[in-house]
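The values are calculated or read from the model by the stated rules, or taken from the named source; none is laboratory data. Since we're looking at a predicted model, the values are computed, not measured. Virtual Cβ from ideal backbone geometry, glycine too; neighbours counted across all protein chains shown.
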Amino acid sequence: MGSWLPFWTVNCHNMSAMRNLTPALYCLLLPAVSLAEEGMWLFNQAPKATIKSKYGFDLKDSFLDKMRLASVRFNNGGSGSFVSKEGLLFTNHHVGSECIYQLGSKENNYIANGFLARNFAEEKKCADLEINVLLSMEDVTSKVREGVKPGTPSQDANIKRKANMTNLESACNKTTGNRCDVVTLYSGGQYHLYQYKKYTDIRLVFAPEEAIAAFGGDPDNFTYPRYCLDFAFFRAYENNKPVKPMEYFKWSKPGARDGELVFVTGHPGKTNRLDTVAALEFTRDVEFKLRFPLYEGIISKLLKFGEENPEQKRIARDLLLSFQNSYKAYSGFKRGLDDPSLVGKKREDENKLIASIRDNPEKNREFGKAWDDVAGAYKFYQTFYRRYWMLEARGIAGSEMFMKAKTLVRLAEEKKKPNAERLRGYTDTMLPQLESSLYSEAPIYPSLEKLMFEESFAQMQRVLPNDELVAKMLGGRTPKQAAEYYVDNSKLMDPKVRKGLGENLSSVAASDDPLIKLAKLIDPESRRLRTMYQDKVEAVLTASYSKIAQARFAAYGSTEYPDATFTLRLSYAKIAGYRDDKGERRDWTTRTSGLWPKVTGKEPYELPESWMKARPLLSPATSFNFVSTADTHGGNSGSPTINKKGELIGILFDGNIEGLPNNYVYRDVRERSVHVASQIILESLKKVYKADNVLREIEQSR
């Protein structure tokens, strides 16, 4: 879900082409007021005038502040919100599923059976979950660019900018104690310093069974109509006491309604609306051709592994869902890039912008080469992309043990360097989060590790045939034999061993652990490829996209929203149905009555026993899932959906397949975000789960 275009790009409603595409695609250069609910807006650049003009709603700063402080970011890639004065956190089941899965066991399968803590004492602490609340934003563009002159080589400029970013984050952290991140916006056009209040003691309060949280499973993922109860409750603690949040959302009594204005606050991960045509062609013709076969191989192996017995199905479940979700999401992105009208329109819009720059000699001198430089960077990237992806970007896919070995090896090297010269993930401000993950006591399963090692080694052999480094990694063994050797002989499964190495980094160099030795074997070449990418690709792209962003500002003005960066954004929308690709009408909401005909008694359409027993008690008219025109994307999962009163009416958990090409350009004809309605959440807590303590807490916080 999600995409990029400026909010003023529309008013061409009489065009016949509107039947299939939104006006934004046809009127990119025409300054007018947008009537589409487009935009992942920064909170300090909210489109107040547009919302006032279209909906008559006065979006006040106090309302924005409340939404900002009540919204949270989950460090595992999702969003959420505070919903009580006692630090109760509301997010998707699938955002919290890693913790739910890790807390479970063969005897207590909380994924399959659900979980409910009846009091604070029964709440279970997650191993390494962190949430962040955005406190402030500051434009530090000039500080990040300090020391970078117009003639500075792109490689040197990239190094200098990263050092400046690290220094700004470190100084902020030392002064405030907050988490401080310098965020790159407009692909390098601006840099903002974000300060977060962070909480690292997060405990599970309630989770429904996965059978209803993800009803329909992979077949229904990115579809609508839907019947998913995709939510869970956690609680933030500080000093072993429930947090008293600065703000929290109260629950709406009537819930979601057709046609109403709603706001979605969350953390979309990454969109590519500013990408040039050369970048999109690289993604389509190079990246996707490598990515899809790799995903297919892993998914096939995980499915077969899970079929062997229930315990293997349980331990493979989280990884399988992650790869299945990614595969389907990228399939939607590919659908957009395979659409000649979408790519053709992107090319047309790009050519118009280039023409507007080249008509001005001064602007042409400053910005004119940027598009050619981007194309050149991607052409060079193609020469080593496969090797970079397999050895550095990916490594042993899905292996917890290998990632921890790689982290230890790099940590031992990076800690020797001055803070500003380290890799960005190893700076002082990032170390607490890195160490939390490294020393996590979450279980690691040898059989699953062996599966991922074997498949990754086999894929390396196919993608990089006759590669000397891959041969050294295998050491004359088959992929299966190598997997068994590395996993069976490593001690890194034990968090105490990892902590011992991490707290005495000089011991890493002397370690005879086979996984440490494997990481050390790969690291020199992996670093060489990373440096090549940073110096010859990333540096050029950052410099070039910064110029393109400035060219857009020069041509269209500066009131635009940037691509998603896993930072807090505001989307506004209306609740609205649509007609699908076949012309069939899809109502704005599904209702409980529509759930029962889909139940087959077999996965993924099998309901848990709790729901079958409660069926007579549930109202058939209750709103279950609903759709809106909200401009959202991956990372928005768990985003609260808020009405004009600032009340919670639902939670975002997905988008339809038609909306996935919005990664590249926003459309809202058939493209929709999908939410769980607050009505079914409250009704299920009361009638299915008898979660009186949770309901009471919500009611008392109204």
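See the values below:
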{"item": "Qualifying residue in the range 619-639 (condition: modelled with pLDDT of 95 or more, charged (D, E, K, R) and farther than 24 Å from F74 by Cβ)", "result": "no"}
{"item": "Filtered residues of the range 394-407 (kept if modelled with pLDDT of 95 or more and among the charged types (D, E, K, R))", "result": "E400, K404, K406"}
{"item": "Residue list for the range 566-593, filter: of a type in the set (G, A, S) and touching a residue at least 40 places away in the same chain (Cβ under 8 Å)", "result": "S571, A573, A576, G577"}
{"item": "Of the criteria (1) modelled with pLDDT of 95 or more; (2) under 20 Å from Y227 (Cβ atoms), which one K644 fails", "result": "(2)"}
{"item": "Sole exception among (1) assigned to a loop (DSSP other than H, G, I, E, B); (2) surrounded by fewer than 21 Cβ atoms within 10 Å (Cβ to Cβ) for D563, by number", "result": "(2)"}
{"item": "The range 254-282, subset surrounded by fewer than 21 Cβ atoms within 10 Å (Cβ to Cβ) and under 14 Å from E647 (Cβ atoms), residue farthest from the chain's Cα centre (by Cα)", "result": "P254"}
{"item": "The listed residue being touching a Lys or Arg at 6+ places or on another chain (Cβ under 7 Å), within 20 Å of E287 (Cβ to Cβ) and modelled with pLDDT of 95 or more, out of L391, L337", "result": "L337"}
{"item": "Candidates N489, N504, filtered to the one that is under 19 Å from L431 (Cα atoms) and either over 33 Å from the mean Cα position of the chain (by Cα) or of a type in the set (A, V, I, L, M) (or both)", "result": "N504"}
{"item": "Qualifying residue in the range 233-253 (condition: buried (at least 18 other Cβ atoms within 10 Å of the Cβ) and touching a His at 6+ places or on another chain (Cβ under 9 Å))", "result": "no"}
{"item": "Sole exception among (1) modelled with pLDDT of 95 or more; (2) in the same structural domain as N662 (by TED's automatic domain parsing) for R145, by number", "result": "(2)"}
{"item": "Filter pass, K520 being surrounded by fewer than 23 Cβ atoms within 10 Å (Cβ to Cβ), touching a strand residue (DSSP E or B) at 6+ places or on another chain (Cβ under 8 Å) and either in the same structural domain as E671 (by TED's automatic domain parsing) or in a helix (DSSP H, G or I) (or both)", "result": "no"}
{"item": "Residues that are part of a strand (DSSP E or B) and surrounded by 24 or more Cβ atoms within 10 Å (Cβ to Cβ), drawn from the range 635-647", "result": "P640, T641, I642"}
{"item": "Selected residue [farther than 28 Å from A555 by Cβ, under 25 Å from the mean Cα position of the chain (by Cα) and surrounded by 16 or more Cβ atoms within 10 Å (Cβ to Cβ)] from N419, N325", "result": "N325"}
{"item": "Qualifying position, being within 26 Å of the chain's Cα centre (by Cα) and more than 16 Å from M403 (Cα to Cα), among G475, G577, G557", "result": "G577"}
{"item": "Filtered residues of the range 473-511 (kept if closer than 19 Å to G395 by Cα, crowded, with 20+ Cβ neighbours inside 10 Å and small (G, A, S))", "result": "A482, A483, S490"}
{"item": "Residues within the range 203-232 that are touching a strand residue (DSSP E or B) at 6+ places or on another chain (Cβ under 6 Å) and either surrounded by fewer than 17 Cβ atoms within 10 Å (Cβ to Cβ) or of a type in the set (S, T, N, Q) (or both), tallied", "result": "0"}
{"item": "Failed item, numbered, when V665 is tested on (1) in contact with a strand residue (DSSP E or B) (Cβ under 9 Å, 6 or more places away or on another chain); (2) at pLDDT below 95; (3) crowded, with 21+ Cβ neighbours inside 10 Å", "result": "(1)"}
{"item": "Scan of the range 431-462 for residues that are of a type in the set (S, T, Y) and either closer than 22 Å to K313 by Cα or in contact with a helix residue (DSSP H, G or I) (Cβ under 7 Å, 6 or more places away or on another chain) (or both), ordered by number", "result": "Y439, S440, Y445, S447, S456"}
{"item": "Some residue of the range 600-607 being touching a residue at least 24 places away in the same chain (Cβ under 8 Å), aromatic (F, W, Y), surrounded by fewer than 24 Cβ atoms within 10 Å (Cβ to Cβ) and in contact with a helix residue (DSSP H, G or I) (Cβ under 7 Å, 6 or more places away or on another chain)", "result": "yes"}
{"item": "Filter pass, R702 being surrounded by fewer than 24 Cβ atoms within 10 Å (Cβ to Cβ) and assigned to a helix (DSSP H, G or I)", "result": "no"}
{"item": "Criterion: assigned by TED's automatic domain parsing to the domain that holds P208, modelled with pLDDT of 95 or more and over 30 Å from E260 (Cβ atoms) - qualifying residue of F82, F115, F90, F74", "result": "F115"}
{"item": "Residue within the range 616-627 that is closer than 19 Å to G217 by Cα, in the same structural domain as N221 (by TED's automatic domain parsing), crowded, with 16+ Cβ neighbours inside 10 Å and among the hydroxyl-bearing types (S, T, Y) present", "result": "no"}
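Residues are listed down the side, and each one gets a yes or a no for (1) in the same structural domain as T407 (by TED's automatic domain parsing); (2) touching a Lys or Arg at 6+ places or on another chain (Cβ under 8 Å); (3) at pLDDT 95 or above:
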residue	(1), (2), (3)
R424	yes, yes, no
Q433	yes, no, no
L438	yes, yes, yes
A442	yes, no, no
P446	yes, no, yes
L451	yes, yes, yes
E455	yes, yes, yes
L464	yes, yes, yes
V470	yes, no, yes
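Residues checked against (1) over 20 Å from S71 (Cβ atoms); (2) without any contact (Cβ under 8 Å) to a residue 24 or more places away in the chain:
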| residue | (1), (2) |
| --- | --- |
| V627 | yes, no |
| T641 | no, no |
| F653 | no, no |
| N656 | yes, no |
| L660 | yes, no |
| S673 | no, no |
| A677 | no, no |
| L695 | yes, yes |
